[in-house]
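*Asks:* One structure coming up, written as structure tokens, with questions to follow.
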Amino acid sequence: DGGITQSPKYLFRKEGQNVTLSCEQNLNHDAMYWYRQDPGQGLRLIYYSQIVNDFQKGDIAEGYSVSREKKESFPLTVTSAQKNPTAFYLCASSRRFQNEKLFFGSGTQLSVL
Amino acid sequence: AQSVTQLGSHVSVSEGALVLLRCNYSSSVPPYLFWYVQYPNQGLQLLLKYTSAATLVKGINGFEAEFKKSETSFHLTKPSAHMSDAAEYFCAVSEQGGSEKLVFGKGTKLTVNP
């Protein structure tokens, strides 16, 4: 079945540590997105990519980094510069047309030790 | 700038009762409007989407929403709630452009009581 796979489901970060969240899709979508979800806050866009080897900052990119070396993969690194990383992180993908629906992964819960 | 407001962070209904989740939007151009559903510890799934073809939009699982331009609203309804409808629901708005322009509301958590 086609879909988006996020791993791990739970992740713990120590102070000063960088951690990387994985996102893989087999939907042949050009566009991929990373969202951060905090309780009662909805979803906020961190980074997005519309094509391989290109990505753009979203609304809350500080303390995060991404890469898009393959169409299928869009990993997110939460750096030590992100002082409040505890959140639920969602990866999504879509076709690269106007207002296409988003397909979401099942998320990664990141917590700080 | 576009924005969306969901009235009521928590809504509780009895099984079999009407479900009404409210969404109001602000947009300077005719918007695209979406409702997504999120089950516990899962990603979001599209319920329905308004793209100006029809003001009453039918979605999955018996949900529908009506676009009312005069009220700038896009409320989500279901005639009869089922226990399996318990989830968090997000309204989202997008003006002309790609999906990176999508703005989400803060969500409404629906509880269904037996």
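The values are calculated or read from the model by the stated rules, or taken from the named source; none is laboratory data. All of these numbers come straight from a predicted model, not from anything done at the bench. Cβ sites come from the backbone with ideal geometry, for glycine too, and all protein chains shown count toward neighbours.
*Asks:* Assess whether B:Leu33 counts as being modelled with pLDDT under 95, in a strand (DSSP E or B) and either among the basic types (Lys, Arg) or in contact with a strand residue (DSSP E or B) (Cβ under 8 Å, 6 or more places away or on another chain) (or both).
*Replies:* Yes.
*Asks:* Looking at A:Gly42, is it out of contact with any strand residue (DSSP E or B) (no Cβ under 7 Å at 6 or more places or on another chain) and over 15 Å from A:Arg96 (Cα atoms)? Step through it out loud before you land on a result.
*Replies:* On the way: out of contact with any strand residue (DSSP E or B) (no Cβ under 7 Å at 6 or more places or on another chain): no; over 15 Å from A:Arg96 (Cα atoms): yes.
No.
*Asks:* Please tell me if A:Gln50 is in contact with a strand residue (DSSP E or B) (Cβ under 7 Å, 6 or more places away or on another chain), modelled with pLDDT under 95 and closer than 30 Å to B:Gln6 by Cα. I'd like the intermediate steps shown before the answer.
*Replies:* Numbers: in contact with a strand residue (DSSP E or B) (Cβ under 7 Å, 6 or more places away or on another chain): yes; modelled with pLDDT under 95: yes; closer than 30 Å to B:Gln6 by Cα: yes.
So A:Gln50 passes the test.
Residues are listed down the side, and each one gets a yes or a no for (1) within 14 Å of chain A (Cβ to nearest Cβ); (2) surrounded by 20 or more Cβ atoms within 10 Å (Cβ to Cβ); (3) touching a Lys or Arg at 6+ places or on another chain (Cβ under 9 Å):
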| site | (1), (2), (3) |
| --- | --- |
| B:Val19 | no, no, yes |
| B:Tyr32 | yes, yes, yes |
| B:Tyr39 | yes, no, no |
| B:Val57 | yes, yes, yes |
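*Asks:* For a quick check of your reading: which strands (runs of 3 or more DSSP E) sit entirely within the stretch A:27-102 and have at least 1 residues that are among the β-branched types (Val, Ile, Thr) and away from chain B (no Cβ under 14 Å)?
*Replies:* Working: elements: A:31-37, A:43-51, A:54-57, A:64-66, A:76-78, A:87-94.
Here the list reads A:76-78.
*Asks:* Also: Identify all residues within the stretch B:62-112 that are within 17 Å of B:Pro40 (Cβ to Cβ), part of a strand (DSSP E or B) and not aliphatic (A, V, I, L, M); write none if there are none.
*Replies:* Answer for the stretch B:62-112, where residues must be within 17 Å of B:Pro40 (Cβ to Cβ), part of a strand (DSSP E or B) and not aliphatic (A, V, I, L, M): B:Glu88, B:Tyr89, B:Phe90, B:Thr108, B:Lys109, B:Thr111.
*Asks:* So, one more: Give me the pairs, please: first residue somewhere in the stretch A:4-26 and among the aromatic types (Phe, Trp, Tyr), second residue anywhere and in a loop (DSSP other than H, G, I, E, B), beta-carbon distance under 6 Å, and either six or more positions apart or on two chains.
*Replies:* A:Phe12/A:Leu113
*Asks:* Which condition breaks for B:Leu110 when tested against (1) in contact with a Pro (Cβ under 6 Å, 6 or more places away or on another chain); (2) of a type in the set (A, V, I, L, M, F, W, C); (3) away from chain A (no Cβ under 14 Å)?
*Replies:* In the conditions (1) in contact with a Pro (Cβ under 6 Å, 6 or more places away or on another chain); (2) of a type in the set (A, V, I, L, M, F, W, C); (3) away from chain A (no Cβ under 14 Å), B:Leu110 misses (1) alone.
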